[in-house]
Amino acid sequence: MSKALDTLLNTLAEKMGMGDDGAGLLAALKTTAFKPTKVSGQMVTPTDAQIMALLVISNQYGLNPWLKEIYAYPDKFGGIVPVVGVDGWARIINTNPQYDGVDFEQDADMCTCTIYRKDRGHPTRITEYMVECRGTMGPWLTHPYRMLRHKSLIQCARMAFGFGGIYEQDEAERIIEAVDMATGEVIQVAKPRRASESTHAALAEPEAPVVLQPVIKTAAPEQAPVEQVPRNEPTPQAASAPQAAHDTGEPASPGEMMNVIKTCAAKRIDLAGLLGELGMDLDPATLAGLTKNGFKALKARL
């Protein structure tokens, strides 16, 4: 163990009330403060240099790794991507001597955070938008408004206090080489973009030139006779379109649910009203319980 690492460990051990047990602290940090990551099927063990990098940041901002205020991903270049949890962001904001309060303005589409400093005449104000930030799993499906508020707080704090070199969870996952969060396996492909990013990329692509083809008239094919449907019996399409209460088909994927939510937000469509028209008793904020048939019925209306 290097002298510099030993000094950092002893400093943190004293803050945690662990005496001078630097060696025990090092072992604990390697197993708790780093997210498990695999490369080529082998679990990556954090190096002493990576532990030292985390401790420098932890001591600089006064964050506690055991309270999940700060943790890290080891990257493929031997460095780290330090991640600060929302409790850690709250700590470094509240302990800043110039901090003078915060306000939030939020609706279903956006959240604006305003941070005040004692030494400035004008506050710092940042707005984050649901259509750009919303994820497709975890708390983004169950608590989307709270997650958007956290996003706006973190981005506003960066601008107000100049915090650098630390990230929140969503940013860290996009900085490192793609990682399967379920297994910890490093995937050697680019991480998929969000739906909003794909839409922006598609809009930026130039359109292919239109080539006019000569029109060749051909004889119209004979049409098959149209089967008459009794007026009181619904057509097969009409019977299967809405997701009725008894529909117990295959559940829609989180990506399909998020696609509907984002499309409605972008087109200013009242999703709650649309669900009512189709007889779907679902929460418009999450679409929890949506089936594949229900997803197809919604997409047909969008």
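A compact table of results
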quantity: Residue check, Glu205 within 26 Å of Arg134 (Cα to Cα), of a type outside the set (Lys, Arg) and either in the same structural domain as Tyr129 (by TED's automatic domain parsing) or modelled with pLDDT under 50 (or both); calculated: yes
quantity: Residues of region 49-64 that turn out to be under 14 Å from Asp87 (Cβ atoms) and surrounded by fewer than 23 Cβ atoms within 10 Å (Cβ to Cβ), as a count; calculated: 3
quantity: Residue tally, condition over 16 Å from Tyr116 (Cβ atoms) and more than 12 Å from the chain's Cα centre (by Cα), over region 144-154; calculated: 4
quantity: Top-ranked residue of region 90-137 - restricted to ones that are more than 25 Å from Lys267 (Cα to Cα) and among the small types (Gly, Ala, Ser), ranked as surrounded by the most Cβ atoms within 10 Å (Cβ to Cβ); calculated: Ala90
quantity: Leu153, sole failed condition from (1) in the same structural domain as Thr32 (by TED's automatic domain parsing); (2) touching a residue at least 60 places away in the same chain (Cβ under 8 Å); calculated: (1)
quantity: Meets criteria (farther than 17 Å from Thr136 by Cα, part of a loop (DSSP other than H, G, I, E, B) and at pLDDT 80 or above) for Asp281; calculated: yes
quantity: The lone exception for Leu148 - which of (1) among the aliphatic types (A, V, I, L, M); (2) under 18 Å from Pro284 (Cβ atoms); (3) touching a residue at least 60 places away in the same chain (Cβ under 8 Å) it fails; calculated: (3)
quantity: Count - residues of region 79-98 that are touching a helix residue (DSSP H, G or I) at 6+ places or on another chain (Cβ under 6 Å) and not polar (S, T, N, Q); calculated: 8
quantity: Qualifying residue in region 68-76 (condition: under 20 Å from Lys15 (Cα atoms), surrounded by fewer than 18 Cβ atoms within 10 Å (Cβ to Cβ) and among the aromatic types (Phe, Trp, Tyr)); calculated: no
quantity: Thr95 being farther than 30 Å from Ala285 by Cα and of a type in the set (Val, Ile, Thr); calculated: yes
quantity: Residue ID - modelled with the highest pLDDT, chosen from residues in region 1-54 that are charged (D, E, K, R) and within 17 Å of Asp75 (Cα to Cα); calculated: Asp48
quantity: Test result for Gly85, in contact (Cβ under 8 Å) with a residue 40 or more places away in the chain, under 28 Å from Val56 (Cα atoms) and under 19 Å from the mean Cα position of the chain (by Cα); calculated: yes
quantity: Lone unmet requirement of (1) modelled with pLDDT of 90 or more; (2) buried (at least 17 other Cβ atoms within 10 Å of the Cβ) for Thr142; calculated: (2)
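The values are calculated or read from the model by the stated rules, or taken from the named source; none is laboratory data. Quantities reported herein were computed from a predicted structural model and do not represent experimental measurements. We place every Cβ from the backbone using ideal geometry, glycine too, and count neighbours over all the protein chains shown.
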